[in-house]
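The values are calculated or read from the model by the stated rules, or taken from the named source; none is laboratory data. This is a predicted model, so every value here is computed, not measured. All Cβ positions, glycine included, derive from the backbone under ideal geometry; neighbour counts span all protein chains shown.
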Amino acid sequence: MAAGLGDAGFQGEVVVVCGEPEMPYERPHLSKGFLLGTVARERLGLRPAAQYRELGVELLLGRWVTELDLEQHKIVLESGDTVGWDLLCIATGSSARRLAGFDDAVYLRVLSDALQLRAILESGAQLDVVGAGFIGCEVAAAARQRGSVVRVFEVLPQPMQRVLGEELGNYLADVHRRHGVDLRLETSPPKDLGRSVVVGIGSVPRVELAAAAGIAIDDGIQVDEQGRTSVPGVYAAGDVTRFWSPLFEARIRVEHFQTAQRQGFAVGQAMAGRGDPFAEAPWFWSDQYELNLQYAGAGLAWDATITRATFGQPPFSVFYLREGRLIGVVGVNDRHTVSRARHAMEARAQISPQQLADPAFDLRRAIPRAQG
């Protein structure tokens, strides 16, 4: 958001208040390279501290906000201090969804959680993972690569089924089992696991401050395509929001870092009085063993799929369609296809099923010249 303000030529004072004491950092590595030890802690930062000063951004770290006073245009900190504002952006993010009876488990959300989990893996402890979504599967993969004995419990028939579907979920289940994961599907974990436990069952948007202030909420802070909330002068960005997507013609909430970053940048531009509606296709990636999965789309319901190349033999991709329109794609070791499909979605390109299925057809050819 602050970068978007600067890009749009905003000349006013920018203050970022954050409860975490850490400098702003990239979260995706927390369940990937940071656990494996291939990404050092000092590489997690979004930018050097000096750059924030150059951008005119003041960081108030380790300061928790307890109230949004919309009438007085100020936020109240836990210390009792206040910070005034002319324009406000709420970017409180999400919290890990908790599971009853597992209060002592690791809920991987912030750097301190990742440090705790990395210490467990370095100790060689046996690990139980509850949930086979992206976080659960990435943690399981990192733990196996570090030599840990791993069990995974998932209530659905296949890993990551809600986003990827049953067939691709079944393929990934086989991948994890081939790498030694004891994968237990369609079952809940017993309460007395007796091992170190990681729970990864999704997230909950942190809307408490906004809700208490009377801002409209619907599984996230409701915002339009430029991040405007129901209160004039108040914006919201990131995974705390359910934003209107002109591309998908739907209100969506996306939990992944890249979209939070890109949408936040667009909201910053809008706050400065410049910028277009945020109409990008969400994108994220996942590393599991030798596989790199990339997904573009909003996780919307589909009625048909098309596979490019041979399913189960990377590189290959699966396209998701609704009423003949491309609304999502996942690539397994096939990042070029995902990138081109994402741009095709954003351009609303017309692509036939035959063209989608044909590895020889360059998806860039379907993008209107003005868009490409």
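Scan (1) within 12 Å of Q288 (Cα to Cα); (2) touching a Phe, Trp or Tyr at 6+ places or on another chain (Cβ under 9 Å) for the single condition E138 breaks and write down its number. The one condition E138 does not meet is (2). Close Cβ contacts (under 6 Å, 6 or more residues apart or on different chains) running from residues in region 346-368 that are exposed (fewer than 15 other Cβ atoms within 10 Å of the Cβ) to residues that are β-branched (V, I, T) comprise P353/I306; A357/I306. Scanning region 153-174 for residues that are among the charged types (D, E, K, R) and either within 13 Å of G131 (Cβ to Cβ) or crowded, with 20+ Cβ neighbours inside 10 Å (or both) yields E154, R162. Within region 49-70, one or more residues are touching a Gly at 6+ places or on another chain (Cβ under 7 Å), among the aromatic types (F, W, Y) and over 20 Å from E255 (Cβ atoms).
If only residues of region 98-124 that are touching a helix residue (DSSP H, G or I) at 6+ places or on another chain (Cβ under 9 Å) and assigned to a loop (DSSP other than H, G, I, E, B) are counted, the one that is surrounded by the fewest Cβ atoms within 10 Å (Cβ to Cβ) is V110.
Run down R177, R144, R184 and say which single residue is closer than 15 Å to Y289 by Cα, in contact with a strand residue (DSSP E or B) (Cβ under 6 Å, 6 or more places away or on another chain), without any contact (Cβ under 8 Å) to a residue 40 or more places away in the chain and surrounded by fewer than 22 Cβ atoms within 10 Å (Cβ to Cβ). Answer to the check: R177. Flag: L30 does not match the condition of being assigned by TED's automatic domain parsing to the domain that holds L172, of a type outside the set (D, E) and within 30 Å of E154 (Cα to Cα).
So that you can scan it fast, the table gives a plain yes or no per residue for (1) farther than 30 Å from Q313 by Cβ; (2) part of a helix (DSSP H, G or I); (3) in contact with a Ser or Thr (Cβ under 6 Å, 6 or more places away or on another chain):
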{"site": "F243", "(1), (2), (3)": "yes, no, no"}
{"site": "F248", "(1), (2), (3)": "yes, no, no"}
{"site": "R251", "(1), (2), (3)": "yes, no, no"}
{"site": "T259", "(1), (2), (3)": "no, yes, no"}
{"site": "G273", "(1), (2), (3)": "yes, no, no"}
{"site": "A279", "(1), (2), (3)": "yes, no, no"}
{"site": "D287", "(1), (2), (3)": "no, no, no"}
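Inside region 5-15, residues that are within 10 Å of Q269 (Cβ to Cβ) and either at pLDDT 85 or above or part of a loop (DSSP other than H, G, I, E, B) (or both) make up a count of 4.
Here V267 qualifies as crowded, with 17+ Cβ neighbours inside 10 Å, under 18 Å from G6 (Cα atoms) and of a type in the set (V, I, T). Screening the candidates L88, L127, L77 for the property of being touching a strand residue (DSSP E or B) at 6+ places or on another chain (Cβ under 8 Å), touching a residue at least 12 places away in the same chain (Cβ under 8 Å), in the same structural domain as V155 (by TED's automatic domain parsing) and surrounded by 15 or more Cβ atoms within 10 Å (Cβ to Cβ) yields one hit, L127. Considering each residue of region 10-62, count those that are over 23 Å from the mean Cα position of the chain (by Cα) and crowded, with 18+ Cβ neighbours inside 10 Å, and give that number. Total meeting the criteria: 4.
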